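Taken together, the values in this text are just the output of simple stated rules run on the coordinates, not laboratory data. Keep in mind that this is a model prediction, so the values were computed, not measured. Cβ placement follows ideal geometry from the backbone for every residue including glycine, while neighbour counts extend to all protein chains displayed.
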Amino acid sequence: DTAVSQTPKYLVTQMGNDKSIKCEQNLGHDTMYWYKQDSKKFLKIMFSYNNKELIINETVPNRFSPKSPDKAHLNLHINSLELGDSAVYFCASSQDYGSDEQYFGPGTRLTVT
Amino acid sequence: SQKIEQNSEALNIQEGKTATLTCNYTNYSPAYLQWYRQDPGRGPVFLLLIRENEKEKRKERLKVTFDTTLKQSLFHITASQPADSATYLCALDRNSGYALNFGKGTSLLVTP
């Protein structure tokens, strides 16, 4: 059973388009995250949700909008895509915020042309 | 500003030797520190967590130390194997505790 799943795995799109990435976890965790890993492999937190409530919203352009319909899902919608948005986006979850280990999804490689 | 520094260069070692990876941090007072493994094209996988009041933690061939005075963690893999080849990421809790800040990782290559 996949613990944290993301769709799609690859996403190629043109500048200016709007796209969504979906994330689901079947671990019963309360906290979910979105991270961005750029071309230099640096993994950076974008958003954190606890029990469907937004906890962290890093300095991310407001073109990025997360949505958590329930505790098991955290989707990421991106408007007006730019070249600089090209990266690998990882969804993760943990039992609770704080000191729990995080479980990562396989990542979505977004390429904006 | 807060910084997490890991060996930027790849670490190449021979099979059977002990690999030691370093994580240094500044302007943090972390309650805990975590180590993750990342293989190409995959998400990070949790390995070990060590709390600020713990000096050392072990799990099978892995050992982590945490020195809050030196602001440093060392990650050891004993009797290394080619299958240990991966990028290893150090992560610290943010002051808010709601997410992790990751270092850039150290690439480890274990050759037969």
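Remarks
- The range B:74-95 versus the range A:1-58: alpha-carbon centroid distance in Å: 23 Å
- Chain B, dipole about Cα centre (Lys/Arg Cβ +1, Asp/Glu Cβ -1), debye to the nearest 20: 140 debye
- Taking every Cα-Cα distance in the range B:41-89 and sorting them into 10 Å bins starting at zero, the pair-distance distribution P(r) comes out as 22, 51, 25, 2 percent.
- DSSP-loop trypsin sites (Lys or Arg not before Pro) across the range A:11-113, with at most 10 other Cβ within 10 angstrom: A:K40
- Proximal charge balance of B:Q6 [Cβ under 14 Å; K/R count +1, D/E count -1]: +4
- The calculated FRET efficiency for B:R51 paired with A:S80, based on their beta-carbon distance and R0 = 45 Å, is about 0.55.
- Cross-link reach list, lysines versus A:K41, counting only Cα pairs under 24 Å and skipping chain neighbours closer than eight places: A:K9, A:K19, A:K22, B:K3, B:K71, B:K104
- Cα-centre dipole for chain A with unit charges at Cβ (Lys and Arg positive, Asp and Glu negative), debye to 20: 420 debye
- Pairs of Cα atoms nearer than 8 Å and 6+ residues apart set the relative contact order; for chain B it is 36 percent.
- Residue-averaged beta-carbon neighbours from other chains (10 angstrom radius) around A:26-34: 1
- Within the listed set B:A99, B:A91, B:A19, the Gaussian network model of chain B (springs between alpha-carbon atoms below 10 Å) gives the highest mean-square fluctuation for B:A99.
- FRET efficiency, B:R58 to A:N26 (Cβ-Cβ, R0 41 Å, nearest 0.05): 0.85
- Taking the Cα atoms of the protein assembly as shown, the ratio Rg/Rh between the radius of gyration and the Kirkwood radius comes to 0.97.
- Calculated diffusion of the range A:30-96, Stokes-Einstein form, Kirkwood radius summed over Cα pairs, 25 °C and 0.890 mPa s, µm²/s: 200 µm²/s
- For trypsin sites (Lys or Arg not before Pro), the sites in the range B:1-93 that DSSP calls loop and that have at most 13 other Cβ atoms within 10 Å are B:K17, B:K55.
- Calculated Rg and Dmax of chain B using C-alpha coordinates, Å: 13.4, 43
- Electrostatic bookkeeping for A:Q95 treats Lys and Arg as +1 and Asp and Glu as -1; over the other residues with beta carbon under 11 Å from its beta carbon, the sum is -4.
- Among the GluC sites (Glu not before Pro) in the range B:1-54, those located in a DSSP loop and surrounded by at most 15 other Cβ atoms within 10 Å of their own Cβ are B:E9, B:E15, B:E52, B:E54.
- Over the C-alpha trace of chain A, radius of gyration and Dmax come out as 13.2, 39 angstrom.
- Taking amide H positions as modeled 1.01 Å from N, with prolines and chain starts lacking one, the residues under 5 Å from A:G105 and 5 or more places away or on another chain are A:C91, A:A92.
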